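The values are calculated or read from the model by the stated rules, or taken from the named source; none is laboratory data. This structure is a prediction, so every number in the text was calculated from the model and none was measured. No Cβ is skipped: glycine too gets one built from the backbone with ideal geometry, and neighbour counts run over all protein chains shown. Ligands, DNA and RNA are excluded from the accessible area calculation, which covers all protein heavy atoms including side chains. Shrake-Rupley method; radii C 1.70, N 1.55, O 1.52, S 1.80 Å.
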Amino acid sequence: MYIAMNRFKVQKGMETDFENIWKNRESKLDQMQGFRTFHLLRGPANEAENYTLYASHTVWETQDDFIAWTKSQNFRDSHKNAGTGKVTTMGHPQFEGFTPVEGA
């Protein structure tokens, strides 16, 4: 198993717009070998820095399956309009990838 996450700092007041972008996009993830599941997660609000934390969370059979996704035409098609609409985030997402610890 491999878990891929991107963390987003969404500007306060832009949460609905950000969520609608994800709800209305054509991801094509389900067409990829090794794809298991996707979740968009809403985290805590950071009042001091004026953002709400979000994470996109995908589970893959293997890290190689995830890497194949990032190099695929489906990936390019799914991200072709990223950054062209209303700015909802503070900076670029922060990627985090995880592999299981065997025996734990």
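The table below gives the values:
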read-out: Which numbered condition residue 63 fails, given (1) surrounded by 11 or more Cβ atoms within 10 Å (Cβ to Cβ); (2) touching a residue at least 60 places away in the same chain (Cβ under 8 Å); (3) within 15 Å of the chain's Cα centre (by Cα); value: (3)
read-out: Filter result (surrounded by 14 or more Cβ atoms within 10 Å (Cβ to Cβ) and either of a type outside the set (Val, Ile, Thr) or at pLDDT below 95 (or both)) within the stretch 44-60; value: 45, 51, 53, 54, 55, 56, 57, 60
read-out: Residues (among the polar types (S, T, N, Q) and in contact (Cβ under 8 Å) with a residue 40 or more places away in the chain) located in the stretch 1-27; value: 6, 11, 27
read-out: Pair list, Cβ < 7 Å and 6+ apart or interchain, from the stretch 78-98 residues that are farther than 13 Å from residue 53 by Cβ and polar (S, T, N, Q) to residues that are at pLDDT below 90 and open to solvent by less than 100 Å² (accessible area, probe 1.4 Å); value: 78/25; 78/27; 78/28
read-out: Members of the stretch 1-27 found to be surrounded by fewer than 17 Cβ atoms within 10 Å (Cβ to Cβ), out of contact with any helix residue (DSSP H, G or I) (no Cβ under 8 Å at 6 or more places or on another chain) and among the basic types (Lys, Arg), listed by number; value: 7, 12, 23
read-out: Cross-chain or 6+ apart pairs with Cβ under 9 Å, the stretch 28-40 first and open to solvent by less than 60 Å² (accessible area, probe 1.4 Å), then modelled with pLDDT under 95 and in a loop (DSSP other than H, G, I, E, B); value: 28/72; 32/72
